[in-house]
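The values are calculated or read from the model by the stated rules, or taken from the named source; none is laboratory data. As the structure is a prediction and not an experimental result, all values here were calculated from the model. Here Cβ is always computed from backbone atoms with ideal geometry, including for glycine, and neighbour counts include all displayed protein chains. Just so you know, the surface numbers come from the protein's heavy atoms only, side chains and all, with ligands and any DNA or RNA stripped out. Shrake-Rupley method; radii C 1.70, N 1.55, O 1.52, S 1.80 Å.
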Amino acid sequence: MNDKVPVIEIRDLHKSYGSLEVLKGVDMAAPKGHVVSLIGSSGSGKSTLLRCVNLLEDSQSGEILFEGEPVSWRGRGGGRQPADRKQVTRIRTNLSMVFQQFNLWAHMTILQNVMEAPVTVLGRPRAEAESAARGYLDKVGIGDKCDAYPAQLSGGQQQRAAIARALCMEPRALLFDEPTSALDPELEQEVVRVIKAIADEGRTMLLVTHDMAMARDVSDHVVFLHQGKIEEEGPPARLFGAPETERLRQFLSATAA
């Protein structure tokens, strides 16, 4: 792949739920090796945008490109759906998503949770997948929990297991949807440290977060969404240090309170 082609690119994306327009023509890109954070108040469209990128939600119009390849659609407007299921599977396989709720399988051990998708989706040999899974669990600091079940772990440990599961797919990009918002502050910092370490490796990441300190520290680019539109975007030093719009100033003031 040409490194100058963004891993993820969105052009004039629109998304509605009935008469409620949630995304009103969003343009953005996540270049290879960059961390792009999406910030904004509840209901601004951040998580919806992330779900549209991963094709978990169908949008009404606009383009979504993965490594320069546009998603193929059939139908128009509210009836628009991806036209090529194999393309959808390929894109989703290369965009690992970490959700707010950890979504671990309760009946599987942590090791089984992490190695399941590489075996069943990618067809990797079990021994190879297990070795990789153990390595990623070590990376996120819970290598000693391989044989535990999710219910035996704290929320922070479960979220770190979910991150290891995402990494084990060797994706082109990682998508994080409010990965720390379900955690208390102490456990939140465990997960923030892991995300910072992953960002330092130069991985492509799209991060929806309410944690302004994390967005400032890990991002190459920050996008502020307001009522379904990009109100302001740019490098974190400028957005957090010298916001240009009154709406962003008000948002940052409210989150600092």
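Separation of segment 138-185 from segment 47-69 is 25 Å, based on Cα centroids. Bridge orientation summary for the chain: considering DSSP beta bridges with both residues in this region, about 60 percent are antiparallel. What the chain shows is 45 Å² of accessible area per residue, with the surface traced by a 1.4 Å probe over protein heavy atoms.
Close amide H pairs (under 5 Å, H built 1.01 Å from N) link residue 22 with 15, 16, 17, residues at least 5 positions away or on another chain. Computed from the Cβ-Cβ distance with R0 of 22 Å, the FRET efficiency linking residue 107 to residue 154 stands at 0.70. Rounded to the nearest 20, the Cβ-based charge dipole of the chain about its Cα centre (Lys and Arg +1, Asp and Glu -1) stands at 660 debye. The label-point distance for residue 247 and residue 200, in a model that sets each label 7 Å from Cα toward Cβ, rounds to 3.6 nm. Under the simplified labelling scheme, the residue 58-residue 170 pair shows an inter-label distance of 3.4 nm, with each label point 7 Å from Cα along Cα→Cβ. Apply the Debye scattering formula to segment 62-156, with a single equal point scatterer on each alpha-carbon and no solvent, then give log10 I(q)/I(0) at q = 0.24 Å⁻¹. The Debye formula, applied to the Cα set alone, gives -1.24. A full extension of the chain between residue 216 and residue 17 corresponds to an added length of 68.5 nm, given 0.36 nm per residue minus the alpha carbon distance. Computed over the chain, the per-residue total of -39500 (n - 2.57) for DSSP H runs of n ≥ 4 gives a 222 nm mean residue ellipticity of -11000 deg cm²/dmol, rounded to 500.
Lys-Lys pairs in the chain that are eight or more residues apart or on separate chains and whose Cα atoms lie under 24 Å of each other come to 17. About the centre of its Cα atoms, segment 112-235 shows a dipole size close to 420 debye [charges on the beta carbon of Lys, Arg (+1) and Asp, Glu (-1) only; nearest 20 debye].
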